1. Kirkwood hydrodynamic radius of the stretch 1-87 from all distinct Cα pairs, in Å?
2. Output the relative contact order of the stretch 1-95, whole-number percent, from Cα pairs under 8 angstrom with separation of 6+ residues.
3. Could you give the angle, 0 to 90 degrees to the nearest 10, between helix 260-277's Cα long axis and the longest principal axis of the Cα atoms of the chain?
4. May I ask you to evaluate 6.51 cos²θ - 1.76 cosθ + 1.60, the Karplus curve with θ = phi - 60°, for each residue of the stretch 87-101 and list the ³J(HN,Hα) values in order in whole Hz, giving x for glycine and proline?
5. Carbon-plus-sulfur fraction of the accessible area of the stretch 156-201, 1.4 Å probe, in percent?
6. For a distance above 23 Å, tell me the whole-number percent of Cα pairs in the stretch 33-151 that qualify.
7. Which FRET efficiency value, to the nearest 0.05, is calculated for residue 209 and residue 287 with the Förster distance at 22 angstrom and r the Cβ-Cβ distance?
8. Can you list the residues, at least 5 places off or on another chain, whose amide H is less than 5 Å from the amide H of residue 128, using H built in the peptide plane?
Amino acid sequence: MSITPQTATERELFSQPDIWLRVISESAAHAVILPKAGVPVLFVGCGTSYYIGESYARLRNAAGLGRTRAVIASEIPYVDEGETVVVLSRSGTTGDVNRVARELGAGHRIVGIIGDPETPLPQLCDEYILLDYADEVSVVQTRFATSALTALRASLGQNLSGLVEDARTALADPVPEPLPDHVVFLGHGWTVGVAQEAALKCREAAGMWTEAYAVMEYQHGPIAAAGPGSLIWSFDPLPDFVAEAVLGTGAALHVPTVDPQAQLATVHRLAVALAGRAGRDPDHPHFLSRSVQLD
């Protein structure tokens, strides 16, 4: 199915397969900069960047490559000696992220993944990966975040050979119809962070009522809000008893089979469609800017 992008957000989200190909081609250079196996990692971000970090942390821990934890920049409970601090910021001007890099730079190696070199953050890093070709005009992040996740997954030795084709499939797949009034995203393991990011996209672009949970947590209360008009989207296969419980509420259930990261491309399109229904411009979301600064 051929789709003609109408907004900057759409043009950027449809560019993801080609951008990811470039990121994958540069993965050997990225691996030299990103933390090596055995090094403990503290990943710091805000909003989308935090959710990408949460996915990376779960993947790195599961692979046995060293203790890894993701934290919100304004809510760091402790910092251990020996931790490499990885900061992710598209704008390079996010106040909390830059503050952390500045304060921890004296005693820790700071590694950045950034979108704009002409900002304060590069000067606060010991080394950084520059993804300026994935930077965006849009306030709502799509391709920059997924490109960072591509680089991080590649650095862990994951097989990404089918990722780009899965993204092309996801961009051609139809958006779930009818458009829902309420969306819940479910994940397991590393896709818990992906689910949180998916929910954030629909909130940012469309002001949508969205939620995100771990698969096995959903029945511990949140399912009570589901019903006709709800869409439950799982990034992982669901146990039969969970699927039956979801369908029993009258909600629609969507469980794609492509790579969870690639599924975000369809979610991006869903967010744009929901914004259109709400009369919102996805390029100019309500109350948001490219970065939150502390001044």
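1. 15.0 Å
2. 29 percent
3. Its long axis makes an angle of about 60 degrees.
4. 10, 10, 8, 5, 7, x, 10, 5, x, 5, 5, 5, 4, 4, 4
5. Looking at the stretch 156-201 in its full context, I get 51 percent from C and S.
6. 20 percent
7. It comes to 0.85.
8. Long-range HN contacts for residue 128: 112.
The values are calculated or read from the model by the stated rules, or taken from the named source; none is laboratory data. Keep in mind that what you see is a predicted model, and the values were worked out from it rather than measured. Neighbour counts are summed over all protein chains in view; Cβ atoms, including those assigned to glycine, are modelled from backbone coordinates with ideal geometry. The area values use the complete protein model at the heavy-atom level, side chains included, leaving out ligands, DNA and RNA. Shrake-Rupley method; radii C 1.70, N 1.55, O 1.52, S 1.80 Å.
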